[in-house]
Each structure stands twice: as C-alpha cells, then as structure tokens.
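Peer 1: The structure under discussion is supplied below as structure tokens; questions concerning it will follow.
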Protein chains: 2
Amino acid sequence: MTSRHVESDLSLAILGLLAVAPMSGYSLRKVFLTTALKAFSGSPGAIYPALRRLESEGLVEGTVEQKDTLRPRKVFGLTRRGREVLADSLSRPVGRKDVIWGMDRLLLRFSFMSGLLSRERTLEFLNALASHTEDYLKELEAEYKTMGSGRSSFTGRAALEQGVESYRTTARWARKTLDALKKRASL
Amino acid sequence: MTSRHVESDLSLAILGLLAVAPMSGYSLRKVFLTTALKAFSGSPGAIYPALRRLESEGLVEGTVEQKDTLRPRKVFGLTRRGREVLADSLSRPVGRKDVIWGMDRLLLRFSFMSGLLSRERTLEFLNALASHTEDYLKELEAEYKTMGSGRSSFTGRAALEQGVESYRTTARWARKTLDALKKRASL
DNA sequence: TGCAGCATGTAACCTGTTACATGATTAG
DNA sequence: CTAATCATGTAACAGGTTACATGCTGCA
C-alpha cells in the first residue's frame, strides 16, 4: 500500500508521460528540454534518480533493449500499480492551499487527466480549481485595495497587480474550460 | 567579495523586506504567512536558517532587544554590504531562462526595486522582461498550433492554453506597467 | 489555570542543482 | 577523424519541508 500518491512534481510528470507511451530516461529528458514542459528540470541528475525511485516503489518498470551493448537503452513503462497511483494522484481533492502554493502542479495534473480520469472527476476537479482560485483572487483584490495608492511603492503595487491579473486569468480560463468540457460528450 | 548576488528566492525576499524596515524572524514569518508573499515558506525551519546564512555572509545584522529575558527578540537589519548585494541582485540582466524558469523571482525582484534601483535600471529591467516574455509566448503559441486539434488530449491542450494565457497576461502587464512608469517623473 | 500566540530554534529527510564521468553511434 | 548527439549514471551540495522542542506573555 504505502503512499497512494506521488510526491514530487517531476515524478508526477514522469508518470503522466509514461502513461501516454513508454519511454527511456533520455527521451523523457528531451521532452522536458524541448516541449512546453520545459519548466521541468530535464537534468540527468534529477530524472535518473527519480526513475529509480519510482521503480523501487513499483510504479514503473524498465525493460532493457539491446542487451548486447555496454550501455543499454532502458525503456520504462507504468506498472498496473503505477497507473493506479497516478490516477489517485490526479483525483486528489483540490484545496485552497493547492491554489496558492501548487498551481503549477494542479495544471500538470489536469493536463494528464484525459484517458485516466472520468469526465465527472475532471469536472469536479476543474470546478474546485475555479472556485478556490476565485476565492483567493478576491482576497488578493482586497489586499490590493487596502494597499491604497499611498505609502506603498510603485513597483510593489505593480507586482501585486500582476499577481491579481494572473489569478484572474486562471479563473477565467478554468470557467471557460469548464464550460467547454460540459458541452462535450466525452473527455 | 564572494558572490555579489543572493541565491534563493527566500533569502532575496528577506533582504527585500528588511530593506524597507528592520524586523525579527517572527515578523518576517508573519509577513510570509499573511500577505501576498504567502507564496513563501513562512516555516521557521526555512526562515531562521536563512537569516543565519545571511548573517554569516555579512548581509544582515541582528541586534538583540530585551537582553534580560531568556529568549530574546532579535531584530535584523541590512548591513551596507547587504544593501549593495540586494541592489546587485535586483539589477542582474534578465534572460530568456529567467522568464521560463524564474518568473516568480523576476516579479519578486521587481517588487523591491522602488527606492533601491534607479528609474532607468527599472525601465531596462521591465523592458527585458516584456520582450523575453513576448518571445517565449510566441514559441508557446507556435507549439499550441502545431499541437493541432487532433491526436492530443483535451486536457493537455487546455493546460497549454492556460500557459499561453498566462504568459500573454504577463506580457500585457509588463507593457502596461512600462508605459505607466515612462509617464512618471520618478519611481 | 490553561490556552493561544509570541519567539526562536534544531534535526531528519527529500529532492533538485551542478558538475563530472563514461562510452556508443552518427554525420560532416 | 572528430565533433555532436545518444544514453546513462554518480557525488557533493544547497535549500526547503515537516516535525519537534523550548519557554515567555497576556488573557479569559
């Protein structure tokens, strides 16, 4: 049993990618270096240890290709348990804290939901994401107002403005995507 | 001499706050727990070690109040060198990488610029931030288009959409703030 | 009296970073 | 032939998280 969810964002991203198609460590690296998942390390010192951790937890399994060469290419795929844990990690409840400290992770989770989570679960997730984001947005807006135009610095105020705009954008995106998803028959 | 800049975001945030007014570790904690800087740890296990590191580097200096009590309150302030290093950290050049991997830090830096950096330096910074953000935005938009509506998952596409929207918002904010700043006489 | 909040800290642990290291294969 | 790219890994280090620990102060 142990933990029914993945700890680090990198590990979650790896599981999510391997759920789509089995890959070697090096291929994962290339994905992290070249696609929109650029935000992730992509450094071998992060990926290979992460893969070994996931393997020791029984979530991924590496099968060696080209056994004859000295440095064989190892292709990793999800185990059944790996797929379960991934689905569990994706469907964990969304809280206010996640919106404040873990928005990146929420979006990462969302990006992997197609095919792994039911439409209902996905709707639930997006709904929670949207409302918590709107709540926090209100709070930030309040703070911005009380800040006032006096006594606080121009750049400080502007930076907070960026934060407000950022959450506003995310809230709008979440509502829009929620609507789009509702109109769909399937995921 | 050693490093002329601060490594971690937390340390930078601490220096920035202490530049405004001297504070105790506990007060810093409260700021991180209650204001828009919530994004930072605020855990004592992060703040107190960070303060000791900064002190050992000669960037901050703690003076003890109420010497009689067993557990005295220590108020930290910037040293002259601390102020120099902070200004240097704020004025480091902005690169493409910063926009991809360190946007939070860029905004943190910007928020502290008033009073520490010249108007010209601040304009330079915002300008670089804006153009690198626009560059990266174009790249993301291109990736979104090549993704196409076929073969890729609904949630994956939607997540990328969020990324695009997010960078778009930041780019707009940067340009808007740049204009506002240009119209100003001083910072 | 007891509890919440003030105030400071330590220690184990986890994970990511940087830098280094090895060797195979392929293209110019 | 040699440089880039494929492909996998290790080791030292840094910094944050969680949990624990201490003791004071004010208030109900």
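Peer 1: Looking at A:Val64, A:Val20, can you tell me which residue is touching a Pro at 6+ places or on another chain (Cβ under 7 Å) and among the aliphatic types (A, V, I, L, M)? Spell out the reasoning first.
Peer 2: Details: A:Val20 fails: touching a Pro at 6+ places or on another chain (Cβ under 7 Å).
That would be A:Val64, the only listed residue that is touching a Pro at 6+ places or on another chain (Cβ under 7 Å) and among the aliphatic types (A, V, I, L, M).
Per-residue answers, yes or no, for (1) among the hydrophobic types (A, V, I, L, M, F, W, C); (2) outside any helix (DSSP H, G or I); (3) within 14 Å of chain B (Cβ to nearest Cβ); (4) open to solvent by less than 20 Å² (accessible area, probe 1.4 Å):
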position	(1), (2), (3), (4)
A:His5	no, yes, no, no
A:Ala13	yes, no, yes, yes
A:Ser41	no, yes, yes, no
A:Ala46	yes, no, yes, no
A:Pro49	no, no, no, no
A:Arg52	no, no, no, no
A:Gly58	no, yes, no, no
A:Thr63	no, yes, no, no
A:Gly115	no, yes, yes, no
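Peer 1: Still on this structure: Determine whether A:Arg175 is more than 22 Å from B:Leu117 (Cα to Cα) and within 9 Å of chain B (Cβ to nearest Cβ).
Peer 2: On the way: more than 22 Å from B:Leu117 (Cα to Cα): yes; within 9 Å of chain B (Cβ to nearest Cβ): no.
No: the conditions fail for A:Arg175.
Peer 1: All but one of (1) over 22 Å from B:Glu165 (Cα atoms); (2) in contact (Cβ under 8 Å) with a residue 24 or more places away in the chain hold for A:Thr170; state the number of the condition that does not hold.
Peer 2: Among (1) over 22 Å from B:Glu165 (Cα atoms); (2) in contact (Cβ under 8 Å) with a residue 24 or more places away in the chain, the lone unmet condition for A:Thr170 is (1).
Peer 1: Now, a different point. Might you check whether a residue that is open to solvent by 30 Å² or more (accessible area, probe 1.4 Å) and either within 16 Å of the chain's Cα centre (by Cα) or over 25 Å from B:Met113 (Cβ atoms) (or both) occurs anywhere in the range A:162-170?
Peer 2: Our first condition is that a residue be open to solvent by 30 Å² or more (accessible area, probe 1.4 Å); within the range A:162-170, this holds for A:165-168.
If we keep only those that are either within 16 Å of the chain's Cα centre (by Cα) or over 25 Å from B:Met113 (Cβ atoms) (or both) too, we end up with none.
No, that holds for no residue.
Peer 1: Within the range B:85-98, restricting attention to residues that are touching a residue at least 40 places away in the same chain (Cβ under 8 Å) and open to solvent by 20 Å² or more (accessible area, probe 1.4 Å), which residue is farthest from B:Leu129 (Cα to Cα)?
Peer 2: For the range B:85-98, the residue satisfying everything is B:Asp88.
Peer 1: So, B:Thr34, is that one more than 12 Å from DNA strand D (Cβ to nearest atom) and more than 25 Å from A:Val164 (Cβ to Cβ) or not? Quick ask: steps written out before the conclusion?
Peer 2: Details: more than 12 Å from DNA strand D (Cβ to nearest atom): yes; more than 25 Å from A:Val164 (Cβ to Cβ): no.
When the stated conditions are applied, B:Thr34 does not pass them.
Peer 1: Among the listed residues B:Ser43, B:Ser56, identify the single one that is more than 20 Å from the chain's Cα centre (by Cα) and within 11 Å of DNA strand D (Cβ to nearest atom). So that I can check it myself, show each step before the final result.
Peer 2: On the way: B:Ser43 fails: more than 20 Å from the chain's Cα centre (by Cα).
None of the other options fit; the residue is B:Ser56.
Peer 1: Step by step: first the residues of the range B:117-140, then only those that are more than 11 Å from every other protein chain (Cβ to nearest Cβ) and of a type in the set (Asp, Glu), then the one that is nearest to A:Leu33 (Cα to Cα). Which residue is that?
Peer 2: Only one residue fits best here, namely B:Asp135.
The values are calculated or read from the model by the stated rules, or taken from the named source; none is laboratory data. Remember, predicted model here, so these are calculated numbers, not experimental data. All Cβ positions, even for glycine, are placed from backbone atoms using ideal geometry, and neighbour counts span all protein chains on display. Side chains are part of the model used for accessible areas, which takes the heavy atoms of the whole protein and leaves out ligands, DNA and RNA. Shrake-Rupley method; radii C 1.70, N 1.55, O 1.52, S 1.80 Å.
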